Amino acid sequence: MRITNYSILSVLLVLCVGIIGKLDAQGDEVCTSPVDIFFLIDGSGSLGEEEFVRSKQLVSEILTQYDHSEQNTAGYAVFTSSINNVRPLTKQISFLLVHLRYEQYPGTSTDLYNALEYVYQNVFTHSRGEGNTRLLVVFTDGKDERNVAELSRKLEVEKGVRIIVFAFGNDLNQEQLEDIATDPDNSTLFTFSTVSEGIDSIQMLNKAICPEDVCCKRGKQGNRGIRGLEGITGDKGDMGRNGICKMRDPACTKRLRKGEKGFKGKRGPQRVKGIKGIKGEIGIQGFQGEQGDQGEQGFQGIKGDVGEKGSPGVQGSVGPQGQRGEKGGLGIQGEVGVQGLKGIKVTRI
């Protein structure tokens, strides 16, 4: 890469003017006191994989509000019937966002009580510094049969934790959700039909998590900065080296190159059905085709069943008299007859 003295001087001038403009620019609303924020992210099967991905997106957008200061710490845990993946509180929020992006969907049952108990025993264990605000943000669509109210109050009283609940779905236990939230009547409990509704309300949610009276201040509006000089287009730089995979995973590099699957787009507007066209005229009759070749002789048919017995025929007429037969031979001599009775002697007078 070729660098000239003139290019270096131009770049330095633009940077100096830009810094002055940034210092005098209008102040944004940021959390100026140190914040420890921890997220409980529901990964149960009832939520669904698509809603789980949107939950990660919503958490990422909230986390970016706290990535401006090294005094802030953040962490999260994905929970189902157990605690699946935990990222403890850390000042490296940028790396935390990378880990969150590649979290896999567990998809089993929900145990909300177990998740809150984990936070009580393992998350906010160190002593809280002066002015350090502790926040617990719970994402869930489930409910629990055990008493979560007592556990939530222990987090508030003993650990000084402010609990905000974001609930998604149409079959929610409102009373139990109110037991978890620190102040359900004052913007610490939000219910949505889908996670997408929560994403659409991100500004409202950010203010609820970090209200002005708790941890935020608005800076004074500064003077408009001086517009910097237009810099000269520099030469095309050399291709940078591949980044180092921080996750200590053999498949990490491969995963980092591939982006997440995007959300399914909204269905487009339905078009107006066109008017049915007029029926066309009957076409001209085609020419008669040539006679085809004679087909092959078919197979011999199956032998039919025996027919029913016919009716008796009509009696025929008497035939002509036959010729006289020849004289028969001498018959066999008959047996001797029975002896007759003795006669009576008659005297003549």
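The values are calculated or read from the model by the stated rules, or taken from the named source; none is laboratory data. Model, not experiment: these values are computed from the prediction. In this analysis, Cβ positions are derived from the backbone assuming ideal geometry, glycine residues included, and neighbour counts consider all displayed protein chains. With ligands, DNA and RNA removed, areas are computed over all heavy atoms of the protein, side chains included. Shrake-Rupley method; radii C 1.70, N 1.55, O 1.52, S 1.80 Å.
Pairs only if they're at least six apart or on different chains, beta carbon under 6 angstrom, first in region 44-69 and under 14 Å from GLY198 (Cα atoms), second open to solvent by less than 20 Å² (accessible area, probe 1.4 Å) and among the small types (Gly, Ala, Ser); list them, first residue then second.
PHE52/GLY43; LEU58/GLY198
Suppose we filter region 59-72 for residues that are within 18 Å of ASN85 (Cβ to Cβ) and either touching a Ser or Thr at 6+ places or on another chain (Cβ under 9 Å) or open to solvent by 10 Å² or more (accessible area, probe 1.4 Å) (or both); how many remain?
1
When region 70-81 is examined, which residues are found to be within 17 Å of THR140 (Cβ to Cβ) and touching a helix residue (DSSP H, G or I) at 6+ places or on another chain (Cβ under 7 Å)?
Result: TYR76, ALA77, PHE79.
Restricting to region 87-109, give me the number of residues that are modelled with pLDDT of 90 or more, open to solvent by 50 Å² or more (accessible area, probe 1.4 Å) and assigned to a strand (DSSP E or B).
2
Go through region 73-86 residue by residue and tally those that are in a strand (DSSP E or B) and open to solvent by 10 Å² or more (accessible area, probe 1.4 Å).
Residues meeting the conditions: 5.
Let me confirm something: among GLU178, GLU158, which residue is exposed (fewer than 15 other Cβ atoms within 10 Å of the Cβ) and over 26 Å from the mean Cα position of the chain (by Cα)?
Residue meeting the stated conditions: GLU158.
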